[in-house]
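Notes follow the structure.
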Amino acid sequence: MGFIHRLALALVIIGAINWGLIGFFEFDLVASIFGGQTAAFSRVIYALVGISGLICIPLLFRTSEEEEFGTSRQSSRNLQYGTEFGEEPEFTDINEAASKENEKNK
C-alpha cells in the first residue's frame, strides 16, 4: 500500500470517528475544531475525507493474496538464508566415502 492509500485510509478513519461522534453524542469534532460546518477549513476537511473514501474503494475488491504477496520488490526476490542454528552437513562421512573410493580404485 502506497503513501497516498495510507493517507486516504487515515482520513477515512478520521471521518468514521467523526461520524461515530455525531451519531452517538451529536458532537461534530471537525466542526468544533475548525469553526463550524460552514467554515472554509471544515469544508476542506470534509472534502478530503470524501475524496479519501473514493480512493479507498479499490481496497474493498482486493483479495488477501494481493495484500500478502503484493508487487513489492522484497516479496518478489524470494531470498532464503540459512540460520546459524541449521544443521550442517557431515563432512566426515563425505571424506570417509572419498577415501574408501580411492582405496577401491588402487
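The values are calculated or read from the model by the stated rules, or taken from the named source; none is laboratory data. All figures in this text were calculated on a predicted structure; none of them were measured in a lab. So basically every Cβ, Gly included, is an ideal-geometry build from the backbone, and we count neighbours across all protein chains shown.
List of remarks:
- Qualifying residue in the stretch 40-49 (condition: assigned to a loop (DSSP other than H, G, I, E, B), at pLDDT 85 or above and among the polar types (S, T, N, Q)): no
- Scan of the stretch 1-51 for residues that are of a type in the set (Val, Ile, Thr) and touching a residue at least 40 places away in the same chain (Cβ under 8 Å), ordered by number: 4, 12, 51
- Candidates 4, 17 - the one that is loosely packed, with under 13 Cβ neighbours inside 10 Å, on the phi < 0 side of the Ramachandran plot, among the β-branched types (Val, Ile, Thr) and modelled with pLDDT of 95 or more: 17
- Among the residues making up the stretch 1-51, those that are touching a Phe, Trp or Tyr at 6+ places or on another chain (Cβ under 9 Å) and of a type in the set (Phe, Trp, Tyr) are 34, 41.
- So residue 68, is it at pLDDT 75 or above and surrounded by fewer than 12 Cβ atoms within 10 Å (Cβ to Cβ): no
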